[in-house]
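Enquirer: Structure in structure tokens, see below.
Please treat every number below as a calculation from the coordinates, not as lab data. Being a predicted model, the structure only gives us computed values, none of them experimental. So basically every Cβ, Gly included, is an ideal-geometry build from the backbone, and we count neighbours across all protein chains shown.
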Amino acid sequence: MAAEQRKIGITDTSLRDAHQSLLATRMRLTEMLPILEIMDQVGYHSLEVWGGATFDACMRFLDEDPWDRLRQLRKNLKNTKLQMLLRGQNLVGYRHYPDDVLAEFIKKAVANGIDIIRIFDALNDLRNMEKAIYCTKAEGAHAQGTISYTISPFHNIDYFIRVSRDLKDLGADSICIKDMAGLISPFDAFELVGKLKEQVGLPVQLHCHYTSGMASMAYLKAAEAGVDVIDTANAALAMGASQPATDSMVAAFQGTIYDTGLDLELLSKVSAHFQEISCGYEIPREVMGVDTNVLNYQIPGGMISNLASQLAEQNATHLFKDVLAEVPRVRADLGYPPLVTPSSQIVGSQSVANVLTGERYKLVSTEIKNYLRGQYGKPPGEVSPDLLKQVLKDEKPITGRPADQLKPQLAEARKDIEEYIEQDEDILYYLIFPNVAVDFFKRRKGILPPLKLNSSCSGGKAVNKVANKEGGQNGPLLEALYAVDENLILGDDINKVYPAG
């Protein structure tokens, strides 16, 4: 008796996570537009095109309007569902935003073309995802509840099943296993996917990065367990800190019960296009190849290059291994948060500070202080009592939903930037990245000169690699993943701050 056909869906990340992982999110809309007609013919389950760091990078480095980018992608991808990554109550920023801002952001994202919103929280704190799930469904979009996959004494298969059941109860339409550092083994993927299908009963999508070298094998075992969709990237922007190659996975499943039905000839054209434009970028060595040490320090590949950059700026590259060794210790002190934005940047930057000063927590960032205050949510495990006492003194962490501490901000923000507003979405720019947005508005009006961008494919040099000081950018430029907004880093007058960028 023939086995039942179980087609695997493909979400291609080329237009978002792939270039965020390998090219520091520097790909321009003009480099995407020529290939969109062909991509729209492929038949992907969806294309991940927006969210994550793209919102920030468009304004900060490329002089692009991220909302206009989304509208252009929607216009040129008429037949394919568009997907975005949303950091729960953090939206596309690095701190929590009030509910009125969250609701307006999701409303505008759907109105401008998003069909599927993948919603996650760095701590897997459901309180930070519930409002986003509700608003996404209220706007008629697909709400994908996400578990941030990690390994620790507090994270196991049963834990992820419990979180997924709770996400279903909140109204999630599907479950994504978000393996941001390439940690999941093939057999763990098989067990987790199988139990999710059996015990939760929602469609399951698996998102893996290739850092440890196990992602393709994890996808194959997940297919055997019943996974519905996997995330991949075109061959030119795959592997390393990115996802497995779309072309390879489609070829691997071809002629089997998992056959994706996608056309390899069309996929080859997609990969050829991105291979051609990639001559304009330098992909850092740190984010390519296989690094099984990630199973210990668990930092996503793109963040590795950010740590290396921080150390290089301090003439301390020789301390790189010491920083990697410090990361698991800081993570343990903080109650084993999954290392995904913003917790990966918080842990990584504090590890750099500890090593550079030669004394653990001699300097702590505002983010560490806010994390310990409970403003990011509830850590999975117990936070070090000594660290709490050292940083917070007699201050008690909050115990409620973090966003309940925040007052509505939309009306006041509209007044603040009334002179710059050209579209309703401008208010959201300003609320999420105030300084970056105002500089962007001034360049748009001609008050400041445009950023000076390198031309694409300029002798193999990275596009926009040089800092744009003439463009009016204030404060430290956060290269690579420019992990944390400068406004937050420098915003606490009481606590000593290590400038993590």
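Enquirer: At a 10 angstrom cut-off on C-beta neighbours, averaged per residue, how do the peptides 161-172, 135-146 rank from highest to lowest?
Expert: Descending packing order for the listed peptides: 135-146, 161-172.
Enquirer: Could you run the Karplus curve 6.51 cos²θ - 1.76 cosθ + 1.60 with θ = phi - 60° over region 10-22 and give me ³J(HN,Hα) per residue in whole Hz, x for Gly and Pro?
Expert: Each residue of region 10-22 in turn: 10, 9, 8, 9, 4, 8, 9, 5, 4, 7, 5, 6, 10 Hz.
Enquirer: I'm checking a number: the convex hull volume of the Cα atoms of region 347-414, normalised per residue, in Å³. What is it?
Expert: Cα convex hull per residue, to the nearest whole number: 127 Å³.
Enquirer: If you don't mind, there's one more thing I want to ask. List, largest first, the extents of the alpha carbons of region 132-286 along their principal axes, each in whole Å.
Expert: Dimensions of region 132-286 along the principal axes of its Cα atoms: 46, 38, 34 Å.
Enquirer: Can you check how the C-alpha radius of gyration of region 1-106 compares to 2.2 N^0.38 Å, as a plain ratio?
Expert: Against the compact-globule rule of thumb, the ratio is 1.22.
Enquirer: How fast does region 178-246 diffuse by Stokes-Einstein, in µm²/s, taking the Kirkwood radius from C-alpha pairs at 20 °C and 1.002 mPa s? Intermediate values should be presented prior to the final figure.
Expert: Numbers: Rh = 11.7 Å.
So the translational diffusion coefficient is about 184 µm²/s.
Enquirer: Direction-averaged shadow area of the convex hull around the Cα atoms of region 55-97, nm²?
Expert: Mean projected area for region 55-97: 3.6 nm², to one decimal.
Enquirer: Still on this structure, I have one more. Output the peptides 440-450, 326-336, 233-243 sorted from most to least packed, where packing is the average of other Cβ atoms within 10 Å over each peptide's residues.
Expert: Going from most to least packed, we get 233-243, 326-336, 440-450.
Enquirer: Hey, another quick one. Among the aspartates and glutamates, select those whose C-alpha is under 12 Å from the C-alpha of Lys221, and discard any that sit fewer than 8 residues away in the same chain.
Expert: Asp188, Glu191
Enquirer: Another one. Place +1 on the Cβ of every Lys and Arg and -1 on the Cβ of every Asp and Glu in the chain, take the dipole about the Cα centre, and give the residue among Ala132, Ile8, Phe441 whose Cα lies farthest towards its positive end.
Expert: The residue sitting most towards the positive pole is Phe441.
Enquirer: OK, next. Considering Cα pairs under 8 angstrom that are at least six residues apart, work out the relative contact order of region 9-280 and quote it in whole percent.
Expert: That works out to 18 percent.
Enquirer: Further question on the same structure: Can you show me the helix-derived [θ] at 222 nm for the chain, built from DSSP H runs with n ≥ 4 at -39,500 (n - 2.57) apiece and divided by the number of residues, rounded to the nearest 500.
Expert: Result for the chain: -12000 deg cm²/dmol, rounded to the nearest 500.
Enquirer: Please give the charge dipole size of the chain, origin at the Cα centre, charges +1 on K and R Cβ atoms and -1 on D and E Cβ atoms. Round to the nearest 20 debye.
Expert: Taking the Cα centre of the chain as origin, the dipole is about 400 debye.
Enquirer: Calculate the dipole size of region 9-280 relative to its Cα centre from +1 charges on Lys and Arg beta carbons and -1 charges on Asp and Glu beta carbons; express the result in debye to the nearest 20.
Expert: 420 debye
Enquirer: Go from 0 up to the bin containing the longest alpha carbon distance in region 65-153, width 10 Å each, and give me the % of pairs per bin.
Expert: Answer for region 65-153: a P(r) of 17, 49, 26, 7, 1 percent.
Enquirer: From the Cα trace of region 380-431, what convex hull volume per residue do you get, rounded to a whole Å³?
Expert: 143 Å³
Enquirer: Give me the one-decimal Kirkwood hydrodynamic radius in Å for the chain, with the sum taken over alpha-carbon pairs.
Expert: 22.9 Å
Enquirer: Given region 9-280, report the % of alpha carbon pairs whose separation exceeds 30 Å.
Expert: 23 percent
Enquirer: Place a +1 charge on the Cβ of each Lys and Arg in region 51-121 and a -1 charge on the Cβ of each Asp and Glu, then give the dipole magnitude about the Cα centre in debye, rounded to the nearest 20.
Expert: Values: 12 positive and 10 negative charges, 71 e Å.
With Lys and Arg at +1 and Asp and Glu at -1, about 340 debye.
Enquirer: Among Leu123, Ile177, Leu262, which residue has its Cα positioned farthest towards the positive end of the charge dipole of region 9-280, with +1 placed on the Cβ of Lys and Arg, -1 on the Cβ of Asp and Glu, and the dipole taken about the Cα centre?
Expert: Leu123
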